[in-house]
Structures are given as structure tokens and as C-alpha cells.
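What follows is a set of notes on a single structure, which appears directly below.
All of the numbers you see were taken from the coordinates with simple rules; none came from a lab. This structure is a prediction, so every number in the text was calculated from the model and none was measured. All Cβ positions, even for glycine, are placed from backbone atoms using ideal geometry, and neighbour counts span all protein chains on display.
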Amino acid sequence: MSKIFALAGVVIRELYRRKDFYVLFVLTALLTLAAGAVNFFHDDKIVRYVKDICLLLIWVSALVIAIVTTARQIPAEREARTIFPLLAKPVSRAQVIAGKFLGCWLASGVALVVFYFFFAVITGSKEHLWPWAVYLEAGWMQWAMLAIVIAMVLLGSIYFAAPSSTSTISLIVVVGILLLGTHLKVIALQQPEPLQSILTAAYFFMPHLEWYDLRDFVVYDMGRVPVRAVALATVYAAVWTWIFLLLAWLGFRRKNLTT
Amino acid sequence: MTAILQTQKLRVEYRSRELRQAGKVALRGLDLEVHAGEVFGFLGPNGAGKTTTMNVLLGFVPPTSGAASLFGIDVRQPIARQRIGYLPELTYYYKFLTAEELLRFYAKIFGLARAETDRRIASLLKLVELESAAKRPIRSYSKGMQQRVGLAQSLINNPDLLILDEPTSGLDPLGRMKVREIIQRLKEQGKTVFFSSHELGEVETICDRVAIVHQGELKAVGTVAGISAGHANLEQAFLKLVGFQPNPAS
């Protein structure tokens, strides 16, 4: 386990020595502050509008950080050839995959903590309310979703050599699931066969990332989601993460790496 | 004598990506034994199969058939690499880390205790003369300094077997001398060194035994004196074994 943590540590160190995270955080902060500074139509509910924008930016930024960071891990190791001195040590390829996953996931978690803290400060200063439990739940669900996304991107990065193609394809898939996931079953029912069966099968065999989006609960003060639902969603995320990591390991296990 | 590095009928065939095109055979049944405490030179012209052999030994490439082991453990098991150090031909290290952080990271991979790690890092940085630059990112190092980081990382676990891929290529005369000194010191400590090289003069000076491979096959193995017997020097023996025909006009 210490090898996996050592590998994860390098990933986290790389992230905070690059500028991606800082740029996205500053951008999110500036856009939220700008949105919060104006009061369109003298609406008393302006805080909801600020919350909505800020959470949307947090979602976009967290996804970009997770996908871009993960997509470059294995390809960059291969391109820079750092994979060779690493694999010449007593470390298995499964540990490399696990370490990369853990590093990216923890790094995303750190980014989420920073983002949500900023969000809490901004909304708290306007509403004078601090529903920490709701924020914690929303943050936890988002982090669980990012675990699935990171494992999926890691799998893609084994097969697509260029980080840019992995990032683009992953972003399209993730945004596609987030936007269409809930509606896919309804769309399927309106289609002729065999498209109906294909879409129905896709609905049941895809990871439902949209289930982890609790933004409406936060924005419209809908209270907390039952703990049981959060626990089940966490298990669901763990299963999908495990499936993607297993597939990534199977692909990486027998890959020829020639110096 | 104990063979700590061994290959038996090792064959590696790279599949062609093109349909209807035959794969490339990189190794054709290589049998090799390196014994404890010897400095073993692995020679051959470009494309002979030296790098492929090293890639198999380090677990980068699985053999198509045959077997390879380090300390009696199949090279496909990561634990086979617990007692080895590897220095690649070029510097392939995380450039955003400092030398100290890189060594600490590899020490963790080997599972070294913290106190032991601190002690080894200090002594290795001193050995490769990088103490003053230890806290600077590797990206700011010169090529020679990066090579020295490579040497330090290959020794972090105090290995019993050191695998060096063309260790002196691209180094200035001082750097070469330093590498030779370190190999000599390791030999005196009873360590085993397995290295590939094109520098035949260097091989003659420091190797106990050498193997010459050509087109994936072992052409000769033995002491430098044994292989050079009947020839002017090792270079002449090497050229004859790899089938080089000198141009009479030149």
C-alpha cells in the first residue's frame, strides 16, 4: 500500500507544481465574485443565482482538473520515459494504475475542498447561513462521481496514446452522460427497434454520473439527501470505479514497453 | 557459482501491426548466466538484441517463450527487482521533482525505512556530488547532473545487481571516469554489474566476462582474454564474431 501512496504523492506534487488548478480556481472565483457583485432586476433571490453559477463553475472546473490530470498520467510517463526507471523497481503495473488513480482522485478531492470552501464563504456572506452538512454531502457525491470519471479516463489513457484525444473523448462521454443520462430511457421508448433496445441497454449499462449532481439540493435549499441513498450511490461509484480500474489494468498488464 | 541473472532459451518476437507482415524476432533462444560478484559486459552491434534482453529482464517486455530470472525469481514478478538497480541510457526522471524528492520517492517504492532513506540519500548525493543542488528541480540540471541523479537512484536500495544500459554514453571524460570508479567500487563490495556498452576499450578494462550477441543470438561468452585469444584485441574479435568484413580497399 505504501508504494501506491508514494505513486499518488508524485501525482499530487505534480498537480500543485503546475498552474492548471490555480488558473481554474482564480477563474471560478472571479466569475462568481463578478456574478455576485451585480443585482439583476433587484431580485432578493440573487443568492440562488450566484449559488447556481458558482456550483456550475465548480462542476466544470473539477471535471476539467480530473480529466486533464488523469489523461496525461500514463501517456506522459511513456512519452517522458519515466515509466522505465519506475517499472524497473519492485512495483507492479497494478500498483502503478492504483497509485495514479489514487493520486488523481485525492488531488481532485483537495481541489473540491478548496472550491466548496470558497462557495460556502461566498454564499454564507450573503445568506448568513452555513448548511455545512448539505455542502459536505454535495461535495462527497461529486467526489464519488469523480472517482468513476478518473478511473474511466485512466482506462482511456491506456488505449489512446495522446492525452489530448483521451481528454476530449472523456469530456464528451462525461458531459453526454450528465446531460442525457436521465432522459436516455425516455428517448429509447420513442425509438423504433432495434434502436430502442440498444438505447435501453445503454441506459442500464452506463455509469449514471447524473445521479451524483446535488446542485439543486444546495441551490433551492431542499435539505439533505437520505444517508441510505448517499451510501448506495457511494457503493455504485465504487463498483464502477473498480470495473474501470480492472479494465485499465488488464490493458496495461501485457503492454510491451520498449526503451 | 550462483547465477543471479539467468535466461533460458529466451525468445522475443514483436508482432507486426501490418496484416500479412511477419513479426520481428529480436531474440532467438538466448541462454545467459551472470554469476554473483562479476562485472559482465553485454556487447553487440545496434539491433543485436541487447536492449530487448534488458527490457525482458526489467519486466518491460514479456518473453514470447523461454524464461528469464533474477536471483532465481521469474522476472515477471515485481519482487524479482527488489535487489537490483537500473540505470537507463538516457535520463528519464520526473523533472518537476528535486533530486532529493526523487530519491525519497524511489526509496518508498523499495520500502526503505525513513532513517535508512535519509542516510542513503545523504551518502548518494555526496557520492554523485549533487549535495548543493539537491533541493533544485531536476529540470534545472545540466545533462551531466541528470545522469548523476540517475546513478544515485540506481543505487538507492544498495542493490546486489546493477543493470546499466550504456552507462557512459553521452558523458564527458570526467563523467565516464566517475561511472568506472563506481563500477569498480561496487565490484570490490562484491556486487554484480551487468551492463551493455559499445565502448570496447572500457569493457576490456573493467569486465570479468563478456557476452557478444548478434541478430538475437549469443555468439560468444567468456572472459575478455578468452574471447580475444587469437585476435589483436577485443574489438577485432568482436568484429569477426558479428561477421564484419573489412573493405580491402580501405
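Here are a few things to note about the model shown:
- Converting the Cα gyration tensor eigenvalues of the protein assembly as shown into ellipsoid dimensions via √(5λ) gives semi-axes, longest first, of 54, 27, 18 Å.
- The calculated FRET efficiency for B:S16 paired with A:V239, based on their beta-carbon distance and R0 = 56 Å, is about 0.90.
- When each of the peptides B:148-159, A:148-159 is scored by the mean number of other C-beta atoms lying within 10 Å of its residues, the order from highest to lowest reads A:148-159, B:148-159.
- Modelled spin labels at B:R76 and A:A161, positioned 7 Å past Cα toward Cβ, are 2.6 nm from each other.
- If you plug the beta carbon distance of A:L195 and B:A67 into 1/(1 + (r/R0)^6) with R0 = 60 Å, you get a FRET efficiency near 0.70.
- Rough spin-label spacing in nm, given labels placed 7 Å along Cα→Cβ, for A:L232 and B:Q8: 5.6 nm
- The GNM of chain A, with springs linking C-alpha atoms under 10 angstrom apart, assigns the highest mean-square fluctuation among A:A107, A:A237, A:A133 to A:A133.
- Residues listed by number, region B:110-141, amide nitrogen under 11 Å from B:Q189 label point at 7 Å toward C-beta: B:120, B:123-124, B:127
- With a 10 Å cut-off around each Cβ of B:106-113, the average count of Cβ atoms from other chains is 4.
- When the P(r) is computed for region A:162-259, the part past 15 Å accounts for 75% of the Cα-Cα pairs.
- Fewest neighbouring Cβ atoms within 10 Å first, the residues A:R72, B:R139, A:R81 line up as B:R139, A:R81, A:R72.
- Neighbouring Cβ atoms from other chains, within 10 Å of the Cβ of residues in A:85-98, number 6 on average.
- In this Cβ point-charge picture (+1 for Lys and Arg, -1 for Asp and Glu), region A:135-259 has a dipole of about 480 debye about its Cα centre.
- If you plug the beta carbon distance of A:R224 and A:L31 into 1/(1 + (r/R0)^6) with R0 = 30 Å, you get a FRET efficiency near 0.65.
- Among A:L106, A:L55, A:L86: highest mean-square fluctuation, GNM of chain A, C-alpha pairs under 10 Å: A:L86
- Build a GNM of chain A with springs between Cα atoms under 10 Å apart, and of A:I74, A:I198, A:I122 the one that fluctuates most is A:I198.
- Positive-end extreme of charge dipole, chain B - chosen from B:T7, B:G226, B:L103 (charges on Cβ): B:L103
- Mean residue ellipticity (222 nm) of chain B, computed from DSSP H runs ≥ 4 via -39,500 (n - 2.57), nearest 500: -9500 deg cm²/dmol
- Membrane-span-like helices of chain A, defined as complete DSSP H segments with a Cα extent of 15 Å or more along the helix axis and a mean Kyte hydropathy of at least 1.6, are identified as A:20-37, A:163-180.
- Two-decimal ratio, region A:2-253, of alpha-carbon radius of gyration to 2.2 N^0.38 Å: 1.09
- Label zone at B:E33, where the point sits 7 Å out along the Cα-to-Cβ direction: region B:61-93 residues whose backbone N lies under 16 Å: B:67-73
- Point-charge dipole on Cβ atoms (K/R +1, D/E -1) for the protein assembly as shown, about Cα centre, debye to 20: 380 debye
- Spacing of the two label points (7 Å from each Cα toward its C-beta) at B:Q236 and A:E127, in nm: 9.0 nm
- Counting Cβ atoms of other protein chains within 10 Å of each residue's Cβ and taking the mean over peptide B:72-80 gives 2.
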